[in-house]
Amino acid sequence: MMRLCFFCWLLPPLSVLAQDNERILKSFASTLAANRSAQTRFFFGERRERVRSDTLSANTQNFRHRAFNYVWAKDYEQAVVWLEKTTALSPKEHGIVGEFYLTQFHDYPRALTHFNAYDALTPNFDDIVGYNPVSYMRGLAYRSMGNHEKAIEQFSIAIEPLAAKHGDEWVNYRHFVSRAVSYIATQQPEKALADLEKAGKNYKRSALVQYHRGRALLLLNRTAEAKTAFQDASFFFKALRAERRGDYQEDDFNPIYEIEIDEIISQLKSKP
C-alpha cells in the first residue's frame, strides 16, 4: 500500500495524465527495457573507456551511447560526429538526436534538420519525440530562433487536430502555453489569453499559466487583473516547490523563476 501511495504521489494531476496516457506507457516500456540493458559506460579512465568503445559492435544503441559519452567528456565535436553516425545507421534516431541538439547544444538549425528528417519518415503522421509531437518540437526550435510566426504555425499543427478530434482537454496544457508565449511575442495578447484559459482548465494549479496570463494582461493594460495573475503564479510556484522539496520547474521548455515573479509583483505594487 505504501508503494502504491508513493507512486500516486509522483503522478501529475489526472487532467494532465489523461492527455499523455499512451505516451507515458510507452515511456515506461522504454525505461524498463533500458534498465534490463547492460551499462555501457563505466566510471574509470577515459582512455580505457575509449578502448572499450572501439570494441563495441556497430549498432544504434552503442553509437548513441558513444555520442553521449563524448558529451559527458565535453568533447562536443566527437559527440556531433557520433550523433550523425547514429542517424545514418538508423533514421528513426533523427527524433531523439534532434531533441538532443535542441535541449543540450541549443543548435536550433541542426535540430530542425533532424526533426524534418524524422517527420519525413511518415509524412502523413505527426510523429512523437519523447512525449511531444515532432511539430511541437519544431515550434520550440523556431521560437528559440526568434521566428514566432513559424513557431505558432507548428504549435498549431500539434494542437488543433487533437483538439478537434478529442477536445481541448486532451491537449497538453504546456503546448497551449508555448503557443501563448509566441502570441505574446507577436503582440497578440487576446489569442494568448484564449490559449492560457484552455491551459488553465487542464491544470488549475499552474504557476506557468498564471505568469503568462499576467504578461498578456499587461499588454492589454489590464493592470489589476495582471497583478492578481502574478500573485497566483507566486502562490502556485511556492506551493508546488514545497511539495517537491527542492527546485521546481513545470516546463523545462518554458522556465519561470520565483525571483522574476516577485520582482514583477513588487513593481506593480507602485502602480494604481
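The values are calculated or read from the model by the stated rules, or taken from the named source; none is laboratory data. Keep in mind that this is a model prediction, so the values were computed, not measured. Please note: Cβ atoms are built from the backbone with ideal geometry, for glycine as well, and neighbour counts cover all protein chains shown. In case anyone asks, the SASA skips ligands and DNA or RNA and just uses the protein heavy atoms, side chains included. Shrake-Rupley method; radii C 1.70, N 1.55, O 1.52, S 1.80 Å.
Just a few scattered comments:
- So THR186, is it of a type in the set (Val, Ile, Thr), touching a Gly at 6+ places or on another chain (Cβ under 9 Å) and in contact (Cβ under 8 Å) with a residue 12 or more places away in the chain: no
- From ARG222, ARG213, residue being more than 21 Å from the chain's Cα centre (by Cα), under 18 Å from LEU268 (Cβ atoms) and among the charged types (D, E, K, R): ARG222
- If you go through the stretch 200-215 and keep only what is crowded, with 20+ Cβ neighbours inside 10 Å and assigned to a loop (DSSP other than H, G, I, E, B), you end up with TYR203, SER206.
- Yes/no for TYR173 being touching a residue at least 60 places away in the same chain (Cβ under 8 Å), in contact with a Phe, Trp or Tyr (Cβ under 9 Å, 6 or more places away or on another chain) and not charged (D, E, K, R): yes
- Within the stretch 258-272, considering residues that are within 24 Å of the chain's Cα centre (by Cα) and within 16 Å of VAL209 (Cα to Cα), the one most open to solvent (accessible area, probe 1.4 Å): GLU260
- Scanning the stretch 232-257 for residues that are out of contact with any Ser or Thr (no Cβ under 8 Å at 6 or more places or on another chain), of a type in the set (S, T, N, Q) and either open to solvent by 60 Å² or more (accessible area, probe 1.4 Å) or within 18 Å of ARG174 (Cβ to Cβ) (or both) yields one hit, GLN249.
- Members of the stretch 74-105 found to be over 20 Å from the mean Cα position of the chain (by Cα), of a type in the set (A, V, I, L, M) and open to solvent by 50 Å² or more (accessible area, probe 1.4 Å), listed by number: VAL81, ALA88, LEU89
- Any hit, the stretch 186-197, residues being in a loop (DSSP other than H, G, I, E, B), open to solvent by 30 Å² or more (accessible area, probe 1.4 Å) and β-branched (Val, Ile, Thr): yes
- All positions within the stretch 136-158 that are of a type in the set (D, E, K, R) and open to solvent by 70 Å² or more (accessible area, probe 1.4 Å): GLU149, GLU153
- Any hit, the stretch 63-73, residues being of a type in the set (Phe, Trp, Tyr), open to solvent by 50 Å² or more (accessible area, probe 1.4 Å) and modelled with pLDDT under 90: yes
- Applying the criterion of being of a type in the set (A, V, I, L, M, F, W, C) and closer than 24 Å to VAL71 by Cα to the residues of the stretch 106-130, the residue that is most open to solvent (accessible area, probe 1.4 Å) is ALA117.
- Comparison of ILE152, ILE128 shows that the only residue that is under 15 Å from TYR183 (Cα atoms) and among the β-branched types (Val, Ile, Thr) is ILE152.
- When we screen PRO133, PRO161 for residues that are under 17 Å from the mean Cα position of the chain (by Cα) and either surrounded by fewer than 18 Cβ atoms within 10 Å (Cβ to Cβ) or not hydrophobic (A, V, I, L, M, F, W, C) (or both), the only hit is PRO133.
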